1. Looking at segment 94-114, which of its residues are buried (at least 19 other Cβ atoms within 10 Å of the Cβ) and either closer than 19 Å to residue 184 by Cβ or among the β-branched types (Val, Ile, Thr) (or both)?
2. Search segment 70-88 for residues being part of a strand (DSSP E or B) and either hydroxyl-bearing (Ser, Thr, Tyr) or touching a strand residue (DSSP E or B) at 6+ places or on another chain (Cβ under 7 Å) (or both), and hand back the single one that is nearest to residue 146 (Cα to Cα).
3. Being assigned to a loop (DSSP other than H, G, I, E, B) and closer than 15 Å to residue 380 by Cβ is the filter here, so list the residues in segment 358-367 that pass it.
4. Can you tell me which residue within segment 281-299, out of those that are among the β-branched types (Val, Ile, Thr) and out of contact with any helix residue (DSSP H, G or I) (no Cβ under 6 Å at 6 or more places or on another chain), is surrounded by the most Cβ atoms within 10 Å (Cβ to Cβ)?
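Values quoted throughout were computed directly from the atomic coordinates according to the rules given, and no laboratory measurement underlies them. Quick caveat, the model's predicted, so the values are computed rather than measured. Glycine also receives a Cβ, built like all others from the backbone with ideal geometry; neighbour counts cover every protein chain displayed.
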Amino acid sequence: MKNLIISFFLIFICKLAYAQPNINLSTHATSFNAPVDIVNAGDGTDRLFIVEQAGIIEILDANGTQFPTPFLNISSDVSTGGERGLLGMVFHPNYATNGFFFVNYTNNSGDTRISRFSVSTSSPHKADPASEKILMTISQPFSNHNAGDLAFGPDGYLYIGTGDGGSGGDPQCYAQTNDELLGKMLRVDVDQNVNTAPYYGIPPSNPFIGNTDYVDEIWATGLRNPWRYSFDRVTGDLWIADVGQNNWEEVNKQDASSTGGEDYGWKVMEGNNCFDFDPIDTDCPSGTPSCFDASYTGPVFEYAHNVTNGGESITGGFVYRGCAFPELEGYYIFADFSSDNVWAIDGNGNNYIFNNLGSSISTFGEDEDGEMYAASYGGTIYRVTETTTQLDCSCPVNAINDGNLSGTYSAQNTILSTGTVAAGQSVVFNANCIELTSDFEVELNAEFCAEINPCAPFSNTNTSTTEKK
């Protein structure tokens with residue numbers, strides 16, 4: 001029987017010290033038509049998929065060259081203009097094997113539709129437009145606040161952010177009406193009912209199952225118009241950028257340990273500020289808490305409506321987890337569509353603003369390696385860069401699968417290990433990011449040290465077998 005001092009589901013050890021970054025946006029590709037989302041397939045092809053509002057999805061290769069034909073064109077089924085259109089896309093975590101991806105678009109009746117499509121059997125660069133399976137259709141009372149993003153969480157479930165139905169000030173108080181899907185974060189399991197309607201199921205851990213006052217799909221409430229949200233690929237935390245009404249834009253953060261059920265406060269609160277002093281006067285359900293009630297979850301960051309150090313329409317981004325720009329490691333990076341300001345927030349609560357970057361940033365995206373991109377609504381795709389330090393990230397992840405480890409292992413980017421540090425052994429990992437799986441073990445009377453250093457090429461000081469992939 002082994003005596004272990006380390007036994008975890010998955011440990012990430014990465015650079016945690018923050019230095020003030022110097023963010024820049026460099027042109028990666030041009031000539032797109034109103035791009036609103038950037039996604040990767042996670043299938044090892046290094047392609048970026050550019051979602052255009054009119055209903056077309058284009059492809060860029062790893063060098064930024066656009067493919068000659070679109071991946072998907074459903075423009076005849078999409079109502080576009082203003083805040084309507086094809087607004088979001090996400091690939092199934094097992095896309096490489098099942099070929100499924102999901103889109104969020106406004107149909108020709110003006111309602112939100114969440115659908116699943118499949119890749120074509122004839123080409124990996126084309127989707128099958130006839131493969132559509134409709135998961136849900138959400139009635140939209142007004143033309144704005146359609147939200148539109150989609151994201152898979154580390155739990156494998158699909159998260160669907162919905163706007164409050166539109167107009168201004170949420171006149172029907174949908175965000176606080178819990179038998180409505182509007183103004184919410186929904187969570188569904190797309191691996192249930194794969195071949196039969198509704199093509200999804202309810203995760204058994206959703207917070208309101210069995211509560212007749214809530215719709216089972218609801219994960220969180222109190223959102224106005226979540227325009228882009230994302231999961232930190234290291235910590236699993238969920239970051240939600242919610243567009244404000246008159247005065248404040250906000251960033252909400254849900255820790256990976258959350259069991260759901262948060263109420264982010266809209267339409268009672270706008271950020272950390274009271275919006276509706278008497279929410280149950282004419283529109284909100286009886287029992288809706290008043291301003292500043294402890295039941296509301298406030299944002300981790302907010303900014304006012306001014307051009308100099310704020311803006312008027314937030315565009316959410318990602319926590320940077322790439323290799324090329326180590327000074328960006330761990331920062332949540334986002335922008336304002338109106339002011340062209342870009343922010344970086346670190347894990348210590350510090351924030352840095354960068355004025356006049358890009359033009360009308362409509363979305364951010366990640367490639368398979370965690371490098372970040374942004375899109376100008378005018379058609380330019382930018383790469384998010386940093387002017388202090390740039391690394392050569394051609395080195396792959398180094399997988400150390402030995403039964404027994406010994407010596408010092410170094411890598412420029414990431415070390416992934418499933419091995420064992422046996423009693424009497426001393427092992428050092430030296431890399432920019434270190435991932436230890438649930439099989440990784442350190443026995444008693446063994447020494448293990450993790451050193452964060454992004455500059456070393458891969459090496460091993462003894463003759464243990466190593467494998468690169």
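1. The answer is 102, 103, 104, 105, 106, 112, 113, 114.
2. Within segment 70-88, the match that is nearest to residue 146 (Cα to Cα) is 84.
3. Within segment 358-367, 358, 359, 360 qualify.
4. Here the answer is 297.
Per-residue answers, yes or no, for (1) among the polar types (S, T, N, Q); (2) touching a residue at least 12 places away in the same chain (Cβ under 8 Å); (3) surrounded by fewer than 22 Cβ atoms within 10 Å (Cβ to Cβ):
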| residue | (1), (2), (3) |
| --- | --- |
| 121 | yes, no, yes |
| 141 | no, yes, yes |
| 153 | no, yes, yes |
| 167 | yes, yes, yes |
